[in-house]
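Undergrad: Please read through the structure below; I'll follow up with questions.
What follows is calculated from the coordinates using simple rules that are stated; it is not laboratory data. Bear in mind that the values here come from a model prediction, so they are computed numbers and not experimental data. Cβ atoms come from the backbone with ideal geometry, glycine included; neighbour counts cover every protein chain shown.
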Amino acid sequence: MEEKLKIKISIADRVYPLTVDPVLEEGLRSASKKIDLMIKQNEENYAVRDKQDVLAMCALQLASLQENKKIQSTEDFQEALKRLQKINEKIDFVLNKNI
């Protein structure tokens, strides 16, 4: 069993000490960099009063992306299911025709 790592992640000019599994470290560091980039972009593009407003916008954007991926995944699944049902109907037709 791997030991936990003690790392420090910086988000919005604040440092957060974390204890994590080594396999999660790279993802956490990458995520903190993406959040900081989003913060910078939001500060440049919108009139914001403080970091909390910017962080709220970042949270909303990230949650929205995740929800949209779920919705798209469900739509893709439904489309694939419809295609499989059509294929199954064609196979049944051919099999019943040859009996």
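Undergrad: Net charge near LEU81: determine it from the other residues with C-beta under 13 Å of the C-beta of LEU81, scoring Lys and Arg +1 and Asp and Glu -1.
TA: Once all neighbours under 13 Å are counted, the net charge is -1.
Undergrad: Next question. With θ taken as phi - 60° and the coefficients 6.51, -1.76 and 1.60, list the Karplus ³J(HN,Hα) couplings across the range 23-30 in order, rounded to whole Hz; mark glycine and proline as x.
TA: Using θ = phi - 60°, the values come out as 5, 8, 4, 4, x, 5, 5, 5 Hz.
Undergrad: Using Cα atoms only, what is the angle between the long axis of helix 51-97 and the major principal axis of the chain, expressed in degrees (0 to 90) to the nearest 10?
TA: For helix 51-97, the angle is close to 10 degrees.
Undergrad: Using the Cα gyration tensor of the range 42-99, with a ≥ b ≥ c the square roots of its eigenvalues, what is the shape: rounded (a/c below 1.5), prolate (a/b larger than b/c) or oblate (neither)?
TA: Prolate is the answer for the range 42-99, as a/c is 1.5 or above and a/b outweighs b/c.
Undergrad: Can you tell me which of 49-55, 12-18, 29-35 comes out highest on packing, and rank the rest after it, using the mean Cβ neighbours within 10 Å?
TA: Highest to lowest by the protection proxy: 29-35, 49-55, 12-18.
Undergrad: Another question, then. Mind computing the radius of gyration and Dmax over the alpha-carbon atoms of the chain? Å is fine for both.
TA: Rg then Dmax for the chain, in Å: 23.4, 75.
Undergrad: Still on this model: How large is ³J(HN,Hα) for each residue in the range 3-13, as worked out from phi by the Karplus curve 6.51 cos²θ - 1.76 cosθ + 1.60 (θ = phi - 60°), to whole Hz, x for Gly and Pro?
TA: 7, 6, 9, 9, 10, 10, 10, 9, 9, 6, 6
Undergrad: Another question, if that's okay. Applying 1/(1 + (r/R0)^6) with R0 = 22 Å to the Cβ-Cβ distance of GLU2 and LYS33, what FRET efficiency is obtained, to the nearest 0.05?
TA: About 0.40, to the nearest 0.05.
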